[in-house]
Amino acid sequence: KLFGFWSTRGRGDLPVQPLASRLLRARGPRSMNVVLITFVLVIFTLVWRALTSWEVVQKCLHSLGCLAWLLQWYTILFVGVGALVTRTFWDIVFFEIFRYDWLKRADNFENKHFVPGMKAEEIGQLAITPWLRRFSLVAPIAGVVAAAIVAQHVYAIVKANASRISKDFEETSAAERRSSMPLKWYLGRELNMVMLVVGMPIVFILMAMRAEVRIWAVMTGSAFLPYKNTDGENYEAWTRVSTLELSTYTSDIEMCGFFVYITIFAFGRLCTAFLRNAPPQYQATLKYAGLQGVYLYVLFGLLRSVGNVVAAVLADNPKYAFLAATIREKVLTQIAPVFTTATLLCVYNMIVICRMCDVKAKLGNASLKFQGVRFLVLVAQIQLMVLTAFTEGSDLYIKAEEHLPPKLAAKVADFHLSTYRAKLIHAALLNYECLAVVLFQRCVWPAKTAYARERALGGDGLRERLLEAPSCDAEAAHLAAGGAAAS
């Protein structure tokens with residue numbers, strides 16, 4: 001009942017509706033709230049990740065034999081999110097692409113009186129142009145390809161790590177092998193962070209697909225089909241329905257950022273651990289002052305996510321659904337400029353931290369490896385704002401018409417980018433951008449890299465470092481020697 005896999009087929013005498021109005025609606029007793037389910041899944045995974053970092057828990061899990069890997073936090077997270085991605089993609093393919101012929105037969109606004117009282121100008125703003133229709137429908141395909149690459153990448157990393165631990169265990173003495181077991185599915189602190197970075201795009205892909213479903217529901221008018229031929233068939237009902245759908249779109253996009261905040265926080269914690277080689281009098285300063293931009297971004301992001309989850313919970317109750325939409329559209333969107341500043345500060349802070357020799361000594365070219373994370377951080381926050389700035393009727397659009405030369409002003413007047421199209425472009429672009437980021441990360445985060453890790457043999461000292469990286473002093477001495485030799 002929670003997932004409602006087959007409860008979205010339409011109801012009673014209502015016509016069979018396109019996916020955009022039926023799939024996984026965020027309200028109603030027979031539907032599932034994907035935002036809330038994803039949030040609960042991520043929170044559960046984080047708690048389980050913390051618990052499984054204890055040696056005694058890992059020993060209990062590994063005593064279960066082949067079930068040990070199934071109960072690891074990364075398996076639960078990626079299987080859960082992967083199931084949601086698969087379900088969403090299947091419905092998009094079955095309904096939008098096949099049954100409705102790439103959305104060619106799903107535009108209810110071809111009937112000018114579909115929504116009583118709607119003006120022709122608004123109908124024009126909702127129209128999906130041919131190129132945008134193809135662009136948005138191919139986007140989920142790119143998203144699924146990216147999700148498959150993420151799954152393969154995660155599998156390769158885990159398998160390589162397990163092979164290294166098994167090999168280390170075989171090289172130990174016979175007495176130690178009898179008294180311990182190899183915790184081969186356990187991931188060290190660095191590898192845990194790598195898994196978050198590698199897996200982050202799959203959450204973007206899921207929520208971008210969900211956002212496309214929401215905006216399709218509005219632009220094709222399928223969200224209004226349940227109100228046809230009823231007493232609620234009026235423009236006021238359309239306004240309410242479209243507001244609820246667009247607010248859920250906002251919620252889906254906001255959920256993309258939640259996993260980013262977790263990844264950035266893990267990055268901050270890891271960098272703090274790397275600074276243990278700094279002089280004692282500077283460790284506290286570097287720990288708290290050196291990462292202020294990162295922590296400010298995470299703090300604002302978590303507050304934003306709390307508001308998003310509160311709205312998602314309220315949306316499950318029809319009585320408070322419109323209040324939830326108000327919170328999303330009037331509150332969460334209004335703090336975007338402040339959050340943009342925190343985003344830029346976080347990105348700058350990450351660039352500075354990644355250049356520190358202690359971080360580079362442990363992660364190699366850390367700045368390059370975190371380019372994908374920084375890119376998604378910027379895209380999630382700024383891309384829609386940029387697209388909206390160029391929409392028809394925006395301040396920039398009006399000023400361009402007023403102050404540009406007549407020839408350029410005429411081209412601006414012919415540029416009809418509505419807010420609805422901007423939202424659809426943004427959601428579709430996220431799928432393509434995630435594919436690019438996934439391919440990039442597949443190259444810069446090799447699966448067979450032996451990251452510094454805690455001892456995972458199940459004996460004494462789970463915190464023992466296996467790969468000691470050179471200190472900053474050693475690196476500086478090496479560079480100085482190189483310079484002297486060159487001179």
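The values are calculated or read from the model by the stated rules, or taken from the named source; none is laboratory data. From a predicted model like this one, the values you see are computed outputs, not experimental measurements. We place every Cβ from the backbone using ideal geometry, glycine too, and count neighbours over all the protein chains shown. Each accessible area value is taken on the protein alone, full model and side chains, heavy atoms only, with ligands, DNA and RNA left out. Shrake-Rupley method; radii C 1.70, N 1.55, O 1.52, S 1.80 Å.
Observations
- Restricting E464, E468, E402 to those that are open to solvent by 60 Å² or more (accessible area, probe 1.4 Å) and either modelled with pLDDT of 70 or more or among the aromatic types (F, W, Y) (or both) reduces the list to E402.
- Index of the failed condition, L417 passing every other in (1) of a type in the set (A, V, I, L, M); (2) touching a helix residue (DSSP H, G or I) at 6+ places or on another chain (Cβ under 7 Å); (3) at pLDDT 85 or above: (2)
- One residue from K104, K59 being modelled with pLDDT under 90, out of contact with any Asp or Glu (no Cβ under 9 Å at 6 or more places or on another chain) and in a helix (DSSP H, G or I): K59
- Selected residue (criterion: modelled with the lowest pLDDT) from residues of region 84-96 that are touching a helix residue (DSSP H, G or I) at 6+ places or on another chain (Cβ under 7 Å) and closer than 17 Å to V145 by Cα: D91
- Pairs where the first residue, in region 132-159, is within 24 Å of T449 (Cα to Cα) and in a helix (DSSP H, G or I) and the second is at pLDDT 95 or above and of a type in the set (S, T, Y), C-beta under 8 Å, 6+ apart: none
- Some residue of region 228-250 being free of Cβ contacts under 8 Å to residues at least 60 places away in the same chain, within 12 Å of the chain's Cα centre (by Cα) and part of a helix (DSSP H, G or I): no
- Filter pass, S180 being open to solvent by less than 70 Å² (accessible area, probe 1.4 Å) and without any contact (Cβ under 8 Å) to a residue 40 or more places away in the chain: no
- Counted residues, region 379-388 - those being open to solvent by 50 Å² or more (accessible area, probe 1.4 Å) and at pLDDT below 85: 0
- Residue match in region 121-144 (condition: under 30 Å from E392 (Cα atoms), of a type in the set (K, R) and at pLDDT 90 or above): yes
- The set of residues from region 162-177 being part of a helix (DSSP H, G or I) and either more than 20 Å from L64 (Cα to Cα) or open to solvent by 50 Å² or more (accessible area, probe 1.4 Å) (or both) comprises S163, R164, K167, D168, E170, A174, A175, E176, R177.
- Residue under evaluation P182, criteria (1) out of contact with any Phe, Trp or Tyr (no Cβ under 7 Å at 6 or more places or on another chain); (2) part of a loop (DSSP other than H, G, I, E, B), criterion not met: (1)
- Scanning region 196-214 for any residue that is in a loop (DSSP other than H, G, I, E, B), touching a helix residue (DSSP H, G or I) at 6+ places or on another chain (Cβ under 7 Å) and surrounded by fewer than 24 Cβ atoms within 10 Å (Cβ to Cβ) turns up nothing.
- Screening the candidates K119, K159 for the property of being closer than 30 Å to T52 by Cβ and either in contact with a Cys (Cβ under 8 Å, 6 or more places away or on another chain) or open to solvent by 20 Å² or more (accessible area, probe 1.4 Å) (or both) yields one hit, K159.
- Single condition N108 does not satisfy, out of (1) open to solvent by 60 Å² or more (accessible area, probe 1.4 Å); (2) farther than 30 Å from W185 by Cα; (3) touching a helix residue (DSSP H, G or I) at 6+ places or on another chain (Cβ under 7 Å): (1)
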